[in-house]
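Working notes, structure below.
The values are calculated or read from the model by the stated rules, or taken from the named source; none is laboratory data. Please read all numbers here as calculations on a predicted model, not as lab measurements. Because the Cβ atoms are built from the backbone with ideal geometry, glycine has one as well, and the counts that use them run over all protein chains shown.
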């Protein structure tokens, strides 16, 4: 009877966990009209902070929309004929169609990108553009049937020269595929990026219906690799395998689209009717941070500049769940190694955040001699529990399976996470033996067991404590209810499965807790007491005047990195 009960419980869990949203479009939020006073609103770009930029091609202006205030204002009054924008590396890039050049905005001044012929004349007018992770720029020349590439050093070359009326274009999240919209035939083509600026094996990825209206226009992509393209009347959405997922109908013809808002779950659509917004059950890709912090932020935020002593490997595919590629940023110290490794797990309430959020921490630990892996994992609006923890465990297996390539000592792997990321790290440490939490994203022959772990203000208890209380008393505002897909009253077994405290055992590795003094240090006291009773090494570091998230702010950042290093030296090196 006991075995039957366990089987039925496992079957029930299988049927309700790890599922994606019913629709990639958030059907609870209808399409919203933001503003309509434009001649032709075109390629939008989110600046990674709080603003959306978009040009009015016919009006010759560049606009800025601030969602928190709801204000749309003219940012550049004499912008000229700008047909698209793209934000990356802390810069706003412009497809300066009227001036036949690609520009970057310096304050409110357009600066011509190096590498373009000084005597470029119409009709060689750039249409749309995308900027890769290294700072290289792809742009379309619709009339010439070409896609041009400008390297970060300013060298220009032809990336594609045989596509009919190329218009919109976008890179896959891992940068390995370049999608190009052929305007007149309403086709989407996919090209392998063999190296920056060089493509091969172009193939038809998708095709819009055969109605009489033109055409396939601006494009974007989400974090899961789904491809979006503006058509004659709708935004079309395909998964990475070319399967049509949805269409978003707009009141007037759409021209382009991009993700924005703080959580990157809003799809902004520009067109003849102006600016629209549609909430999604998908997340946009976070822009690459500037190599150097701005004066405004440098006093508060640690640097994300990668030093010469560390080699970055950005957007590495560490696993795959169906067509969904899982990406991480790895930072490897110079030298042969092998080095101890640390998986770095960002927070965001299981529903928000991105791997770039902890880039400064990953770099700082790499400077101290660790291979670090800042993981992107599936968040709650994309896929329910246990998808996120399965991804984190897959990251550990990846490090072991690819240890030689990245100079990792497979016997010395730890993890650190903050807030919800702290919870995930606690669960990684406590439950590597629970098969349901492992998934099948790759490297199944490897173990996900950690040798040491650090939890920064993450909840260890889910079935009891504040998380359970909020699930029961305030179900509409409970992040755990959205992440797990059920309240604790509806599915207590889910909360027990996700509860790191319940999984703690004598096999749990050394576990250190970190938090600011205003971040409820008492919350993890039961876990510390249980670990001590089990004979597992544990401890707590409390930082004066620190609030939630102090690990990502100066001056706490430096002290916390030093304490992490000391802990990992004791238990990994």
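Observations on the model:
- One residue stands out among those in region 433-448 that are within 25 Å of the chain's Cα centre (by Cα) and assigned to a loop (DSSP other than H, G, I, E, B): the one that is surrounded by the most Cβ atoms within 10 Å (Cβ to Cβ), which is 448.
- Test for residue 377: is it in a loop (DSSP other than H, G, I, E, B), modelled with pLDDT of 95 or more and within 26 Å of residue 177 (Cα to Cα): yes
- Scan of region 117-142 for residues that are over 26 Å from the mean Cα position of the chain (by Cα) and at pLDDT 95 or above, ordered by number: 126, 127, 141, 142
- Against the list (1) at pLDDT below 95; (2) buried (at least 16 other Cβ atoms within 10 Å of the Cβ), the condition residue 257 fails is (1).
- Residue within region 362-369 that is in a strand (DSSP E or B) and assigned by TED's automatic domain parsing to the domain that holds residue 567 present: no
- Checking each residue in region 5-37 for being modelled with pLDDT of 90 or more and either surrounded by fewer than 17 Cβ atoms within 10 Å (Cβ to Cβ) or within 18 Å of residue 71 (Cα to Cα) (or both) picks out 23, 27, 28, 29, 30, 31, 32, 33, 34, 35, 36.
- Restricted to region 398-418, and to residues there that are over 17 Å from the mean Cα position of the chain (by Cα) and buried (at least 24 other Cβ atoms within 10 Å of the Cβ), the residue that is farthest from residue 462 (Cα to Cα) is 408.
- Verdict on residue 79 being buried (at least 23 other Cβ atoms within 10 Å of the Cβ), modelled with pLDDT of 95 or more and assigned by TED's automatic domain parsing to the domain that holds residue 269: no
- If you go through region 550-567 and pick out every residue that is in contact with a strand residue (DSSP E or B) (Cβ under 7 Å, 6 or more places away or on another chain) and either closer than 20 Å to residue 522 by Cα or touching a residue at least 24 places away in the same chain (Cβ under 8 Å) (or both), you end up with 7.
- Residue selected from region 89-108 under the condition touching a residue at least 12 places away in the same chain (Cβ under 8 Å) and farther than 21 Å from residue 255 by Cα, by the criterion surrounded by the fewest Cβ atoms within 10 Å (Cβ to Cβ): 108
- Positions within region 531-540 being in contact with a helix residue (DSSP H, G or I) (Cβ under 9 Å, 6 or more places away or on another chain) and either touching a residue at least 60 places away in the same chain (Cβ under 8 Å) or buried (at least 18 other Cβ atoms within 10 Å of the Cβ) (or both), in sequence order: 536, 538
- Taking the criterion of being assigned to a helix (DSSP H, G or I), more than 25 Å from the chain's Cα centre (by Cα) and within 20 Å of residue 421 (Cβ to Cβ), the residues of region 469-499 that qualify are 470, 471, 494, 495, 497.
- Selection within region 207-230 - more than 18 Å from residue 173 (Cα to Cα) and modelled with pLDDT of 95 or more: 207, 208, 216, 217, 230
- Meets criteria (touching a helix residue (DSSP H, G or I) at 6+ places or on another chain (Cβ under 6 Å), farther than 21 Å from residue 332 by Cα and either in the same structural domain as residue 552 (by TED's automatic domain parsing) or in a strand (DSSP E or B) (or both)) for residue 426: yes
- No other residue among 461, 405 is closer than 19 Å to residue 538 by Cβ and assigned to a loop (DSSP other than H, G, I, E, B) apart from 461.
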